[in-house]
Structure formats: C-alpha cells, structure tokens
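Trainee: Pasting a structure below so you can have a look.
The values are calculated or read from the model by the stated rules, or taken from the named source; none is laboratory data. Treat the numbers as computed from the prediction; the structure is a model and nothing was measured. Positions of Cβ are backbone-derived with ideal geometry, glycine not excepted, and every protein chain shown enters the neighbour counts. Each accessible area value is taken on the protein alone, full model and side chains, heavy atoms only, with ligands, DNA and RNA left out. Shrake-Rupley method; radii C 1.70, N 1.55, O 1.52, S 1.80 Å.
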Amino acid sequence: MAESSEAGQGSAAEEPQATVPVPGAAAGGPISHAIFRLARLHRMFAGQLLRRIGLHPGQELVMMHLWELGPQRQIDLVRLMDSDAATMTRTVRRLEQAGFVRRRPSPTDKRASLIEPTAASHALRQEVERVWSQLEELSAAGLSDGERADALATLERLEQNLVRADAQPTTPNPERP
C-alpha cells in the first residue's frame, strides 16, 4: 500500500483513494466492491500487526473464543467461527505447534478431543487485545463517536441481510439455465 510522505497533511481531496479500481462489471455492486476492498485492507493490516506477536489472521479469533469459553471440541470451533473443518484443523495444528493450544481427550466423548488454551496463550491475550485496539483505531481514525456507532450499525445491518439471505432457500435465476 503506497502512502505519500505528506499523509495527513493535505486536504481530503489529496487523501489516497481506493487501492483497487472498481471494474465496470462491478458497477451494479458498489457496496459489495467497497466491502471487498475494506476487508482486503483490514486483513492486510491485521496480518501485519498479528505477525509481530506470532499469529496469523484468524488465529486470534480462535484464541479469543478459547479464552472466553474455555476448552472446546474442534467441531464446536468450526460451528462457532462458521469455518470449515480443514481450515480449522490447519489453524489448530499451527496454534498447537506454536504452543498456544493443546489437545486433551474429551471426558464425555472418547472420539473427540478438546482444544484448550495454554499458559503461553494467556500471556498472549493482552497483546491480542492491544492489536485489536490498534486495528480499530486504524480503521475508524477520524470518525466521531456518533459516526463510529452509525458505521457499526450499518455493518451489522449488512451482516443481518446476508445472514437472512443465507437462510432463505435459493431460487434459480430465470435468466440462467
């Protein structure tokens, strides 16, 4: 991401614009394209900040749930994070190799194991919280409290729309075979 050395010194007209041009084919979805651009940049900055503490994007979310809820079966983490089994297997394996989680047999299900945070991960918690605060400040810089509340409400509404759409049975497009 290129940034001029005068960042923050110029007028709003001189501020950097979107880093990904909007192709003509996306003209029917300007909000969707903006979400794509925002998510890409957010993940990029999250990755930079998390790398400094030994994590990759997404791993901190697994840790947050484990810190909050305690030991969980891997399938429960998949459901909780709306992930897929293969991705969660890789994530847990990497966290285990880093020493942030360990597996132990489930006392109630002999086929399952529980994923639990280690003492090393508890030491990481403050760093994760700091990274998320820093990411929030980067993302919402210059917004008033009211604008932050409005942005959050709008994002939650967009999410609700997609959750509702996902719950609806799909209907075939009459224009496509």
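Trainee: Test residue 5 against the criterion of being open to solvent by 70 Å² or more (accessible area, probe 1.4 Å), at pLDDT below 95 and part of a helix (DSSP H, G or I), and give yes or no.
Mentor: Details: open to solvent by 70 Å² or more (accessible area, probe 1.4 Å): yes; at pLDDT below 95: yes; part of a helix (DSSP H, G or I): no.
The answer is no for residue 5.
Trainee: Please determine whether any residue of the stretch 103-112 is open to solvent by 90 Å² or more (accessible area, probe 1.4 Å) and touching a Phe, Trp or Tyr at 6+ places or on another chain (Cβ under 9 Å).
Mentor: Going residue by residue through the stretch 103-112, those that are open to solvent by 90 Å² or more (accessible area, probe 1.4 Å) are 103, 105, 107-108, 110-111.
Restricting the remaining residues to those that are touching a Phe, Trp or Tyr at 6+ places or on another chain (Cβ under 9 Å) gives none.
For the stretch 103-112, residues open to solvent by 90 Å² or more (accessible area, probe 1.4 Å) and touching a Phe, Trp or Tyr at 6+ places or on another chain (Cβ under 9 Å): absent.
Trainee: Here is a further query. Could you check residue 87 against (1) closer than 23 Å to residue 51 by Cα; (2) buried (at least 16 other Cβ atoms within 10 Å of the Cβ); (3) not aromatic (Phe, Trp, Tyr) and say which number it fails?
Mentor: Failing condition for residue 87: (2).
Trainee: Can you find a residue in the stretch 116-132 that is at pLDDT 90 or above, more than 22 Å from the chain's Cα centre (by Cα) and either surrounded by fewer than 11 Cβ atoms within 10 Å (Cβ to Cβ) or of a type in the set (Lys, Arg) (or both)?
Mentor: Yes, the stretch 116-132 has at least one match.
Trainee: I would also like to ask the following. Quick check on my filter: what residues within the stretch 37-59 are among the charged types (D, E, K, R) and either open to solvent by 60 Å² or more (accessible area, probe 1.4 Å) or under 9 Å from the mean Cα position of the chain (by Cα) (or both)? Full working, then the answer.
Mentor: First, the residues of the stretch 37-59 that are among the charged types (D, E, K, R): 37, 40, 43, 51-52.
Across the stretch 37-59, the qualifying residues are 40, 43, 51, 52.
Trainee: Scan the stretch 60-78 for residues that are under 15 Å from the mean Cα position of the chain (by Cα) and either among the basic types (Lys, Arg) or farther than 17 Å from residue 98 by Cβ (or both) and jot them down. Even if it seems obvious, please write down each step before you answer.
Mentor: Narrowing the stretch 60-78 to residues under 15 Å from the mean Cα position of the chain (by Cα): 60-65, 77-78.
78 - this is the single residue of the stretch 60-78 that is under 15 Å from the mean Cα position of the chain (by Cα) and either among the basic types (Lys, Arg) or farther than 17 Å from residue 98 by Cβ (or both).
Trainee: Considering 13, 34, which residue is open to solvent by 60 Å² or more (accessible area, probe 1.4 Å) and either modelled with pLDDT under 95 or in contact with a strand residue (DSSP E or B) (Cβ under 7 Å, 6 or more places away or on another chain) (or both)?
Mentor: Numbers: 34 fails: open to solvent by 60 Å² or more (accessible area, probe 1.4 Å).
Only one candidate passes the filter, namely 13.
Trainee: Testing residue 144 on (1) out of contact with any His (no Cβ under 7 Å at 6 or more places or on another chain); (2) at pLDDT 95 or above; (3) surrounded by 10 or more Cβ atoms within 10 Å (Cβ to Cβ), one condition comes back false. Which one is that?
Mentor: (3)
Trainee: Among the residues of the stretch 158-171, is any farther than 20 Å from residue 56 by Cα and part of a strand (DSSP E or B)? Give the steps one after another, and end with the answer.
Mentor: Filtering the stretch 158-171 down to residues farther than 20 Å from residue 56 by Cα leaves 158-171.
Then drop every residue that is not part of a strand (DSSP E or B), which leaves none.
Within the stretch 158-171, none of the residues are farther than 20 Å from residue 56 by Cα and part of a strand (DSSP E or B).
Trainee: If you don't mind, there's one more thing I want to ask. Exactly one of these conditions fails for residue 97: (1) of a type outside the set (D, E, K, R); (2) open to solvent by 100 Å² or more (accessible area, probe 1.4 Å); (3) over 24 Å from residue 50 (Cβ atoms). Give me its number.
Mentor: Condition (3) is where residue 97 drops out.
Trainee: Please give the helices (runs of 4 or more DSSP H) falling wholly within the stretch 56-135 in which 1 or more residues are closer than 23 Å to residue 45 by Cα and of a type in the set (Lys, Arg). Don't jump to the end; show me each part of the working.
Mentor: Details: elements: 59-69, 74-81, 85-97.
Filter on the stretch 56-135 gives 85-97.
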